[in-house]
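Enquirer: This structure is in structure tokens; I'll ask about it shortly.
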Amino acid sequence: MDRRNDSTPLYDWPGSSDGQPDTASRWTLVSTSLSALIVSSVAWLAIATMPPVTAVGTENANHGFLPYRLFQELTQSGNALFASTASLPGTSGTQPTQLDDALAAERANAQPENETHTVTLEPGDTLVGALEDVGISQEDSNSAVAALATVFSPRSVRAGQMFDLTYSVQPITDADITSSAADGRDLSEPVSRLISIKFSPSVDHDIVVNRAADGNFAATDTVKQLVPHVHRAGATIDSSLYLSAMHAGIPADVVVEMIRMFSYKVDFQRDLHPGDSFEVFYDYYYTAEGQPAKQGNISYAMMRLGGREISLYRYQSDPNQPAEYFDSKGQSAKGMLMKTPVDGARLTSGFGMRYHPVLGYTRMHKGVDFGVPVGTPVMAAGAGTVAYAGWEGGYGRFVLINNGNGYSTAYGHLSRFAAGLHRGSRVRQAQVIAFSGNTGITTGPHLHYEIRVNNVQVNPLKVKMAQGRKLVGREARAFQIERMHVDDKLASTKLETRIADASSVLRQGN
């Protein structure tokens, strides 16, 4: 029988009413066959490059059967893979593919990843607000800060403080997407779970807030062991005591303390000249790594001004009272009034008749002017009671202090007063009472300073100041013993010309 003339089709092609394949079916068959052929060829070539498998003590076996079996398995896997294309978009299948199943399983088993982030507190920020800004929940933020309060007051945190945060970011799941569509939640940011907060409020303290296994937070404060180091430093003064000391590597807090020590004995505007020198003997504390931590005590300081030498020693006769400084004879360094009530100032106008640059005529200038930037702290020249604090005509913001024994001091052109200062306030010598400014009749920022004796202005640079107390009796003997002890230590300590070298040696020693 000649089948070429038989009208019965050889194959029953799906999607064809007459048994003949339509165009789409033919292309599907061709593309699937070509893809399977390509995968099979690649697998065959890969297997052909494999080294022969040999056994110890035997000849190489005929290993032709192994590639063939692998070839069959690979082609069968390839067929299964290509069969799954029936469920891809545009095909007739409706079941999810193996790839979809794998991706869904991966999302279901995904674990949150830990991330670290450094937060710097800005002016006006709170720690809770800073935590919430990076995605930490309000509950975690409040709990962590509450735990911190057990070892450190959150109110003591200042702008610029940096915090190292560790938190886990929970991936968004299909369930989250479904629920967010129902309740309108925003999933633009992943869910963050706080793990720890680390920061150092000072160089000798490390604070850590950790989440425990039960989910609660606990804080620990680790105090670093500080190493004391004695420095004997000195330098020649080129322009100012402050700059020369800073160039020598002496810490700023030590320099400021030294200026206050000599502020009763030295007029830093007129007494200092290039070529003068100074020396200071003090303690400073460092971390084990050699990082400067905090100032200790200044035991001794000396200034050589021309042919005059002024030496001061620290002595504390009463442990319940602050230490004082005395010269080698036991005379207190303190005078009744400080000669310069502001640090780092330059004298811009003296006492006496002068042409007023604003009013345009000559008149008496009944004080001295110190040129300083706006906001420079102004200290009380002597202990006393505030007689007036407010606006006073051309003086601008003005403070008048009654220092007793007929003496009073006045401070003008201030930008603001210190917190809590008012009429009747008691102030200590060297206490910050206000801040310099440019208020009233002025041509620029400066401090106007007056000394009044029985309400009459006198020249602050020439007035004789009453001296502080002098040690006598048992106190004088105890002071001399302490002074000789300091002198012995000075003689055995090398003079340093660069303090940074000392901290480097300390780091290398550790």
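Enquirer: Just order 141-147, 377-383, 247-253, 279-285 by mean Cβ neighbour count inside 10 Å, highest at the front, would you?
Expert: The most tightly packed comes first, giving 377-383, 279-285, 141-147, 247-253.
Enquirer: Over 24 Å between C-alpha atoms is what I'm after, so list which of Lys294/Lys470; Lys470/Lys494; Lys265/Lys294; Lys294/Lys489 land there. Could you put the intermediate results ahead of the total?
Expert: Numbers: Lys294/Lys470 31 Å; Lys470/Lys494 31 Å; Lys265/Lys294 27 Å; Lys294/Lys489 21 Å.
Those over the limit are Lys294/Lys470; Lys470/Lys494; Lys265/Lys294.
Enquirer: Just rank Thr443, Thr385, fewest to most, by other beta-carbon atoms within 10 angstrom.
Expert: Thr443, Thr385
Enquirer: So what's the net charge close to Ser408: Lys and Arg +1, Asp and Glu -1, counting the other residues with Cβ under 11 Å from its Cβ?
Expert: Neighbourhood net charge equals 0.
Enquirer: Tell me the net charge near Leu471. Cut-off is 11 Å between Cβ atoms, Leu471 excluded, with +1 for each Lys or Arg and -1 for each Asp or Glu. Walk me through the numbers on the way to the answer.
Expert: Numbers: positive: Lys329, Arg469, Lys470, Arg474, Arg477, Arg483; negative: Glu324, Asp327, Glu475, Glu482.
The answer is +2.
Enquirer: Taking the beta-carbon count within 10 Å as an exposure proxy, list Ser332, Ser277 from fewest neighbours to most.
Expert: Details: Ser332 17, Ser277 14.
Result, fewest neighbours first: Ser277, Ser332.
Enquirer: Also, quick follow-up: May I ask you to compute the full-extension gain from Ser277 to Gln431, defined as 0.36 nm times their residue separation minus their alpha-carbon distance, rounded to one decimal in nm? Don't jump to the answer; show the numbers that get you there.
Expert: Working: separation 154, 0.36 × 154 = 55.44 nm, distance 2.78 nm.
Here the answer is 52.7 nm.
Enquirer: Only counting other Cβ atoms within 10 Å, I'd like Phe268, Phe152, Phe278 sorted with the fewest neighbours first.
Expert: The fewest-first ordering by Cβ neighbours comes to Phe152, Phe268, Phe278.
Enquirer: Highest mean first, what order results for 286-297, 445-456 on Cβ atoms within 10 Å? Could the numbers behind the result be given before it?
Expert: Working: 286-297: 15.7, 445-456: 18.2.
Packing proxy ranking, top to bottom: 445-456, 286-297.
Enquirer: Local charge sum around Ala387 (other residues, Cβ-Cβ under 11 Å, Lys/Arg +1, Asp/Glu -1)?
Expert: +2
Computed from the coordinates by the stated procedures, all read-outs in this text should not be read as laboratory data. Every value quoted in this text rests on a predicted model; they were computed, and no experiment measured them. Counting neighbours? That spans all protein chains shown, and the Cβs are built from the backbone with ideal geometry, glycine included.
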